[in-house]
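Bear in mind that the values in this text are calculations on the coordinates, not laboratory data. Here the structure is a predicted model, which is why all the values come from computation and not from measurement. Neighbour counts run over all protein chains shown; Cβ positions are idealised from the backbone, glycine included.
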């Protein structure tokens, strides 16, 4: 097994799904909405961190490691088959995460909630593919 483990990402996905289910059952409960947003943020961060570790360990040379930008990381992970979608989708997730973590706005909260189901599909794919690639599923 690799030193890179996907287990924490799996747990984060479960927590995000729990929050989303609670919110869908009681959408008037703003606490559930806020929980979905917070769990989206940390699940995105974990996924991004794992993708970076994977790309650095298996896909780029030493020179590229020092200058690995988000776009390059996403494009490389996509080429390696660990992403369902590419940069155009992941940049939207990143922008949503940045908006929600730096300021609170009702419209932004609703926009993030609308994006979470698509994010869950994508991050579950990442979890599955990285688990297969790393022998950690």
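Averaging over all projection directions, the Cα-based convex hull of the chain occupies 8.1 nm² in the image plane. Here the simple spin-label model places points 7 Å from the Cα toward Cβ, and for residue 5 and residue 68 these points are separated by 2.0 nm.
Neighbour counting of Cβ atoms within 10 Å sorts the residues 112, 6, fewest neighbours leading, into 112, 6. Equivalent-ellipsoid semi-axes for the stretch 13-93 (Cα gyration tensor, √(5λ), whole Å, largest first): 32, 11, 10.
The C-alpha atoms of the chain define a longest principal axis, and helix 87-102 lies at about 50 degrees to it. Between residue 57 and residue 106, the simple spin-label model (points 7 angstrom out along Cα→Cβ) gives 4.5 nm. If one takes the longest principal axis of the Cα atoms in the chain, at what angle in degrees, from 0 to 90 and to the nearest 10, does the Cα axis of helix 70-79 lie? Value to nearest ten degrees: 70. Tell me the label-point distance for the pair residue 14, residue 98, using the 7 Å Cα-to-Cβ offset, in nm and rounded to one decimal. That separation, rounded to one decimal, is 3.3 nm. The ranking of 41, 14 from fewest to most other beta carbons within 10 Å of each one's beta carbon is 14, 41.
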